[in-house]
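Quick notes on the structure that follows.
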Amino acid sequence: MTQRWRSLALLSPWLLTLALFWLFPIGWSIYLSLTDYQLFRDPSFIGIANYLALLRDSDFLGALENTFVFVLGTIPVTTVIALALALLLQHPFRGRTLFRAGFFLPWLTSIVVVALIFTNLFARGGYLATLASLLGFTPPEYGFLFDDRTALFAIMGMDVWMSVGYYMLIFLAGLEAIPRELYDAATVQGASWWRRFRSITLPLLRPVLGYILVINTIKSFQVFTEIFVMTKGKFDTATIVFFIYEQALTTDFSFGYASAAAYLLFLIIGLVSLLPFLAFARQRRSLW
Amino acid sequence: MKSMLVSIALFIAVGTVPSLSAKTTLEFWQFWTDSDIRPVLDSLVTVFEAEQNGEIEVNITDLTWADGQSKIAIAFASGRGPDVVELGSDWLAQFADTDQLLPISELVGADTSGWRGWSLARYQDELYAWPWILGSRVMFVNVNLLQQAYPDAEAPNPATFAGFQEITRKIHTLGDEIYGWGSNTAEKHRLYKKFLPFLWGNAGRILSEPSPYAPRRYSVVSSEMAIEALDFYRQLHDSVGYVDTQRGIEDAFMAGQVGIVLSGDWMIKRINLNPPPFLVGTMFVPGGRVPGISFLGGELLAINRKSRYTDEALEFVRFLNRPDVQVAFCKAAFISVPSSLAAVTDSFFVSQPMMRTMNGQMQRVTHPPVTPDWPKIEAAIERAVEEALFGSRFIAGELRQAQRTIDSLIADD
């Protein structure tokens, strides 16, 4: 057996898995997105009709809008808070490990459990409504999750709370990798904290920041469990993945239509995920 | 070599023994997973297996209401569905329309007279399931609050919209933390069930009745009666409503905060297991233009069309619907409305006032149309009610929009 065939033989379990569980479903779902396939009925090829219909579907467009609000609302807030926490917890102090573990803990907790706890916190007469009243605000009459104006933002707040610890850890790893000598040299030259942050920390954290932005973008565009558990898409909280779930698995099992929505989402995530790369590449060119 | 041949022969012999006395294994998918109910189902299945002299074995798989429908659909689509499956009545038409269920009209024959709820299982003049456990909704009343509201005078007749509204209003005025009526928030698959009794009780309908002059059905969900009904429902919601999820409303009722809630027999179970510190009464749903009509739903037992054991499956379905078996199961699960008419004469159902009300309400119930389009029709109605209560608040416009949506769905068929 030649070296080439031996390599292929050794790779074959992985290649088979890739072909069976990744490539085939991807190819098949692309085909389905071009058909009118509903469970129990034979698919007929309809070209891009599903895609065109989606662009006219007010439910899909509403879900798209909600998803963008979610993405644009959570990513900057999560990133800034995570970076701030990482900077605060970077230097040694008594109880630092406890804080690090505490902030990371929500990420380790089941999202369903967190969502159920927050459903109670957001309820009428719940902790947050009471707190809002004490602070002089008027909470929504029936609870934060039962109001078009607050439901999505409430879920976004929970998402930020949950994910901030994870991104904080990644930032901490990035901060640890920055050579101390750079800060020492800058301090000797009289650079302020802000100047060191702007000129050393941020540029050297750029790869980590790019990574965080990309994975958080992908994760945020795929938000589903929180919506499913907390509102079932009511009160203007339906997102694209929730829409896909509804189309494929609850209403009339329209797998063709749902597949088309999934590929539109894929396209959007692909394009949006490119933005951090493009931005950083441009900055890198300008640096050179 | 010789010993090896003997081993192979023995192995083959042992391997063939079970197939000589092969017993049929029925796959049964069901939703009763509570720890107090499931063992009872297991024991009933054991009785069935014993009655069949061990020739039929039943393998039970548990489903949840959250994803059971999709699991059943995918199992049917893959050709590996269960032999017998418990279906929510809303799902029957979708599975029947796509030939997944065994038509049982001929198999059931004259048996239908002993059971009720068959209309839930009928799609295009053919029966596709056997009604097992039915469910309706009645009004649960905090009698203490009612007595406080009317200490001397007699309360108005709660069977009419006007009387009902007056009672809820009067209870509502008892205190800041007291509400007259439990009003559902926009909960999927729940809100429409609360509105429909008011629609039907005001002589409204979802679809027209086919007639010789208009054989094709069309939506009438924005009729004058429907607009009136939604207006009435919204008045209750706005003026005396404690707005929350069904669970939240029931919690508030049990805490003595809400005067009247519309609920099902799970509430009877809850009240019996954890009695609240006040007297609870039940009454029929009120009516506007006609006497009140409540919601009818239920769970049906259907047989997979592709099952290899349809006779055995039917035997099992018959067993589960036998009056004595239904009584045993209902007692364990605290269910008020078995499908068997003989079962419902048991003292368990007759001796308890709340169960009597529930079964009395069964005289005046109806259900949504049995059509594969129902999930979309339901969504259209629910959206209209949501908008009328929480969004645009434009009742006639939202109902007209729902009517247009429903008409376009029906026209596509």
How many percent of all Cα-Cα pairs in the range A:45-287 sit more than 30 Å apart?
39 percent
Is the shape of the protein assembly as shown best called rounded, prolate or oblate, per the rule: a/c under 1.5 gives rounded, else a/b larger than b/c gives prolate, else oblate, with a ≥ b ≥ c the square roots of the Cα gyration tensor eigenvalues?
oblate
With only helices counted (DSSP H, runs n ≥ 4, each -39500 (n - 2.57)), the per-residue ellipticity at 222 nm for chain B, to the nearest 500, works out to -14000 deg cm²/dmol
Under Karplus coefficients 6.51, -1.76 and 1.60, residue-wise ³J(HN,Hα) of the range B:182-187 in Hz, glycine/proline x
x, 10, 6, 7, 6, 9
Taking 1 over the mean of 1/r across every pair of different Cα atoms in the range B:261-364, what Kirkwood radius in Å do you get?
15.6 Å
Just the ratio, please: alpha-carbon radius of gyration of chain B over 2.2 N^0.38 Å, N its number of residues.
1.12
Starting from the Cα gyration tensor of the range B:88-218, take the square roots of the eigenvalues, sort them a ≥ b ≥ c, and report rounded, prolate or oblate (rounded when a/c is under 1.5, otherwise prolate if a/b is larger than b/c, else oblate).
prolate
Taking Cα atoms, how many degrees apart are the long axis of helix B:68-77 and the longest axis of chain B, rounded to 10 and kept between 0 and 90?
40 degrees
With label points built 7 Å along Cα→Cβ from the Cα atoms of A:Ala9 and B:Ser408, find their separation and express it in nm.
6.1 nm
With Cα atoms, 0 to 90° folded angle of helix B:2-20 axis to chain B main axis:
40 degrees
If you average the C-alpha positions of the range A:103-163 and of the range B:44-110 separately, how far apart do those two centres end up, in angstrom?
40 Å
Between 0 and 90°, nearest 10: helix B:395-412 axis offset from chain B longest Cα axis:
30 degrees
FRET E, pair A:Trp193, A:Leu134, Förster distance 25 Å, beta-carbon r, rounded to 0.05:
0.10
Label the range A:19-92 by shape, choosing from rounded, prolate and oblate, from the square roots a ≥ b ≥ c of the eigenvalues of the Cα gyration tensor; if a/c is under 1.5 it is rounded, and otherwise prolate applies when a/b is larger than b/c, oblate when it is not.
oblate
Assuming a viscosity of 0.692 mPa s and a temperature of 37 °C, what translational diffusion coefficient in µm² per second does Stokes-Einstein assign to the range A:165-209, Rh being the Kirkwood radius over Cα pairs?
300 µm²/s
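No lab work stands behind these numbers, since they all come straight from the coordinates. All values reported here derive from a predicted model rather than from experimental measurement. Quick reminder, even Gly has a Cβ in these numbers, built from the backbone with ideal geometry, and neighbours come from all protein chains shown.
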